[in-house]
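Everything on this sheet refers to the single structure shown next.
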Amino acid sequence: MGTEGILIKNGRVIDPADKLDAVADIFIESGKISRVARGVKNGADKEIDASGKIVLPGLIDMHVHLREPGREDKETVCSGTKAALRGGITSVLAMPNTSPAIDSAQNIKLLKNIIGKSAKADVFICGAITMARQGRQLCDIPALKQEGAIAASDDGSSVDDENLMLEVFKLAKKEGILVISHCEDRALSANGMVNLGFTSTRMGLRGISPESEYKRVERDINLAQKTGARLHIAHVSCRESIGLIADAKKKGVRVTCEATPHHFTFSEEAVLGYDTNFKMNPPLRSKDDLVAVRKGIADGIIDVIASDHAPHTENEKDIEFDRAEFGVIGLETELAAAITGLVRQGFLDWKGLARRMSLTPARILGLDKGTLGAGKDADIIIVDPEKEWVVDKAHLISKSKNSAFLGRKLKGVVEYTIVKGKVAYKA
Ligand SMILES: [Zn+2]
Ligand SMILES: [Zn+2]
């Protein structure tokens, strides 16, 4: 890192770790935050006027599919992290369902090499739980951790074998590694595509029941309770899952969870037009579930907002609904979706937003980030909270354009993304 100093003047600085929400200046030096105070007069090489803007710790998205290695036609570490920067995200957790899967120390080395060469933001690695994510043979999880994996997940699939999953939790407890669970009982969700109920009936497609999710949430909470391991539940979508997690937290089980922007913005009605950009797993649920997700985020039962950024090519999305891939991109829209759908609607204040999108994911992942304290990495974003924009395919940086927010008007534009003291993105 260079030693060039940057002074961010007069922004409304939000730091949930310090319970700070006030107009202040931030002085950055040698890649670190040096001072946060009013009227800082250091001789910075560069000054940024942030009057009327919101200054937040860089966002940390703990659920991202960068697709490299193996599907560089969908996304790469380079294109995905560029998209992240535009969205105000300075750190991502890369999920292991690549090709090959990140199921060995050797494959982590391969990915680290790619990251070292091409990442524009910080990329952390989630290792797989089972070999090739087949749910049969455990990975050498201690070896993955040794090589740098900071969590373990078979995301995209759930490990059906309960005894095997018990072994995973025991190992996770011993190794101090976080288990991230994609909760889906495929015996129950088999070949479903949309929420089970009137939507699946009206569309003539098989349904995915909420039960297929919450039964697996219940199982994994029990395993976490039995072993004392830390569990993070990915993309909760229904009221029952949130209720189970709330109860588990009350009992002291070490469980956290996340929700995606599509699950706090849309309900299943959005999918009735057969637009495949509303096909994702878990599916968009009922209006009642949408209410429960928003309330869960407001209450803090839902700890984290994460995108589940899942790029797919036009060939995989712009086809018949039943043949299209599951998943949508989210890096470039998640902050604006949260400002528009949560802050503007009174579900979160700015501190709450910074907590769900930066501080809490940092704490869950054990990263010394997510705050604007002196001495911390200068990962900082400057946001114009009033500026409106329409999500347009032509302007998305991500290689894939499968966004559920296409054509929608959102509020909130990232003006600067600073990574370790350097301006990495400027609008
Ligand atoms: Zn998943
Ligand atoms: Zn995912």
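Values quoted throughout were computed directly from the atomic coordinates according to the rules given, and no laboratory measurement underlies them. Everything numeric here is computed off the predicted structure, so don't read it as measured data. Cβ coordinates were reconstructed from backbone atoms using ideal geometry, including for glycine residues, and neighbour counts include every protein chain displayed.
Remarks
- Members of the stretch 363-398 that are closer than 23 Å to Ser79 by Cα and in a helix (DSSP H, G or I): Lys393, Ala394, His395
- Residues (buried (at least 23 other Cβ atoms within 10 Å of the Cβ), assigned to a loop (DSSP other than H, G, I, E, B) and within 16 Å of ligand 1 (Cβ to nearest atom)) located in the stretch 121-150: Ala128, Ile129
- Hits in the stretch 307-327 - residues which are part of a loop (DSSP other than H, G, I, E, B) and under 30 Å from Ala378 (Cα atoms): Ser307, Asp308, Ala310, Pro311
- Close pairs (6 angstrom Cβ cut-off, 6 or more residues apart or separate chains): under 16 Å from Gln225 (Cβ atoms) in the stretch 146-175, hydrophobic (A, V, I, L, M, F, W, C) and assigned to a strand (DSSP E or B) anywhere: Ala172/Val179
- For the stretch 184-197, the set of residues classified as crowded, with 16+ Cβ neighbours inside 10 Å, of a type in the set (S, T, N, Q) and more than 16 Å from ligand 2 (Cβ to nearest atom) consists of Asn195 only.
- Enumeration of residues in the stretch 402-427 that are closer than 30 Å to Ala324 by Cα and of a type in the set (Ser, Thr, Tyr): Ser403
- Members of the stretch 306-333 found to be more than 16 Å from ligand 1 (Cβ to nearest atom), crowded, with 17+ Cβ neighbours inside 10 Å and charged (D, E, K, R), listed by number: Glu316, Lys317, Glu332
- Of all residues in the stretch 151-184, those satisfying the criterion of being away from ligand 1 (no atom under 16 Å from the Cβ) and either within 22 Å of Pro311 (Cβ to Cβ) or assigned to a loop (DSSP other than H, G, I, E, B) (or both) are Asp161, Gly176, Ile177.
- Inside the stretch 148-178, residues that are of a type in the set (Lys, Arg) and either within 16 Å of ligand 2 (Cβ to nearest atom) or touching a helix residue (DSSP H, G or I) at 6+ places or on another chain (Cβ under 6 Å) (or both) make up a count of 2.
- The strands (runs of 3 or more DSSP E) found entirely in the stretch 43-99 include none that carry 3 or more residues being within 16 Å of ligand 1 (Cβ to nearest atom) and of a type outside the set (A, V, I, L, M, F, W, C).
- In the set Ser200, Ser181, only one residue is within 16 Å of ligand 2 (Cβ to nearest atom) and hydroxyl-bearing (Ser, Thr, Tyr); that residue is Ser181.
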